[in-house]
Amino acid sequence: MTTLVTGAGAGALLTLLLLTLAPLAWGWQPLVVTSGSMGPLVRPGDVVLVQPDPDDVVVGSVVTFRAADDGLVTHRVAEVTADGYVTRGDANPVTDSTVVHREDLVGRVRALVPWVGLPAVAVRGGADASGAGTTGAAFVAQRTNGPQSLGTSSRFYRDAVVRSGPVSYWRLDETGGTTAADTMGVAPLTIGSGTAFSRPGALRSESNAAIKAPPFPELLQAGAVPAHDIAGSFTVLAWVRATSLPQNSLARVVTKRDPNGTTNYMLAFSSDGLSIRALTTTTTGSYEVAAPVPQDLEWHMLAATWDGAHLRVYVDGAVGGTLAGTGTPRTVTPPLTLSYGTSPLRGEIDEAAVWSRALTSAEILRLYRCATG
């Protein structure tokens, strides 16, 4: 049976191949992943692009190294020690048993291209860049000394968010216009006038852009879609960078609330602008928990979760506060908004998302590390 790839399929395949081959000119080494120890972020058949001789390996970086049996392994750095690196696969419950010495480091993973290596996995096993056991590389490149840039091919954070199954995910990387795309295709945002585009984004792990929230009385607003009415567990997350301190009093980040104060879910600052609050109104009462936010002009990942028994607020991947509660979150008619007309953010916002489940603390920390590694 002969199968031809035509139309959109051929275009997508060509794009992925170009993303894989283009970094060869920078000296990056593409390797096919053949095991699932870095799942769900990296899957068998994906290709990782490895920069040799990196000088910026830190906790959270994804690196490729030579294992004891000369196989190649790609795991995340969990700790940097005097002897080298303690590593762990994202899907593994414990760290690897052997410290990776610096001379065994092949390089730092700078980008991920999905699916391109599936034929190698199916036919010959490819080069194992995710779990030890096989050797060899899918492609071989000569190292060059030219300048290197991550570019648009790196989508670790984006892919990690999508694979976690959000209801909506707004990257907020538009260069202009009146709408912001929802990566999940559920509800684009209408952008208020005065919004500034193409600001440097939150992610250190990849090239991206952000927006500066519009001034009073403007906001960013989704359409009224049933998917945003969450009568159960939820997660709300966004990256925020203040452009002056303190943050506006009661500035809202992500809101689903009616004029009477009934809150399906909300992530908003405190009255003094120094803390971030998670809020929800359930069938048994109203709940609010807060955590301090670093008072600087840097990007910070802010999140709120409700799992049916606890409301939690997170700052930069860490739990900042937990409050026990009961009941089911009440849904409200007004649509979801980012920032808010009477309580606008003073600063920039990026990578906002909503889930109809409570992400675990480990999942939230993993997203933070994907963004900052």
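Only strands (runs of 3 or more DSSP E) whose full extent lies in the stretch 71-150 are considered here, and the ones with at least 3 residues that are modelled with pLDDT under 85 and closer than 23 Å to S207 by Cα are 105-113. The number of residues in the stretch 209-257 that are out of contact with any Gly (no Cβ under 9 Å at 6 or more places or on another chain) and in contact (Cβ under 8 Å) with a residue 12 or more places away in the chain comes to 21.
Residues in the stretch 314-344 that are of a type in the set (A, V, I, L, M, F, W, C), over 20 Å from the mean Cα position of the chain (by Cα) and not in a loop (DSSP other than H, G, I, E, B): L323, A324.
So which of R76, R102 ends up being charged (D, E, K, R) and either in the same structural domain as R366 (by TED's automatic domain parsing) or more than 19 Å from R43 (Cα to Cα) (or both)? One residue alone meets the criteria, R102.
Pairing each residue of the stretch 157-179 that is closer than 20 Å to A358 by Cα and free of Cβ contacts under 8 Å to residues at least 60 places away in the same chain with any residue that is of a type in the set (S, T, Y) and part of a strand (DSSP E or B), provided the two are 6+ apart or on different chains, yields C-beta distances under 7 Å for V162/Y169.
Out of the residues in the stretch 162-221 that are within 20 Å of P334 (Cα to Cα) and of a type in the set (D, E), which is surrounded by the fewest Cβ atoms within 10 Å (Cβ to Cβ)? The selected residue is E218.
Condition check ((1) under 23 Å from V167 (Cβ atoms); (2) in the same structural domain as S198 (by TED's automatic domain parsing); (3) among the hydroxyl-bearing types (S, T, Y)) across all residues:
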{"position": "S271", "(1), (2), (3)": "no, yes, yes"}
{"position": "L279", "(1), (2), (3)": "yes, yes, no"}
{"position": "E288", "(1), (2), (3)": "yes, yes, no"}
{"position": "A309", "(1), (2), (3)": "yes, yes, no"}
{"position": "G320", "(1), (2), (3)": "no, yes, no"}
{"position": "G325", "(1), (2), (3)": "yes, yes, no"}
{"position": "L345", "(1), (2), (3)": "yes, yes, no"}
{"position": "Y368", "(1), (2), (3)": "yes, yes, yes"}
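G261 fulfils the conditions (1) in contact with a strand residue (DSSP E or B) (Cβ under 9 Å, 6 or more places away or on another chain); (2) farther than 24 Å from Y169 by Cβ; (3) in contact (Cβ under 8 Å) with a residue 40 or more places away in the chain except for a single criterion, (3).
Taking the criterion of being among the charged types (D, E, K, R) and buried (at least 19 other Cβ atoms within 10 Å of the Cβ), the residues of the stretch 301-329 that qualify are R312, D316.
Looking across the stretch 289-300, the residues that are free of Cβ contacts under 8 Å to residues at least 60 places away in the same chain and crowded, with 18+ Cβ neighbours inside 10 Å come down to V289, A290, A291, V293.
Checked against the criterion of being β-branched (V, I, T) and closer than 25 Å to I191 by Cβ, the stretch 240-251 contains one or more residues that satisfy it.
The values are calculated or read from the model by the stated rules, or taken from the named source; none is laboratory data. These numbers were taken from a predicted model, which means no experiment stands behind them. Cβ atoms come from the backbone with ideal geometry, glycine included; neighbour counts cover every protein chain shown.
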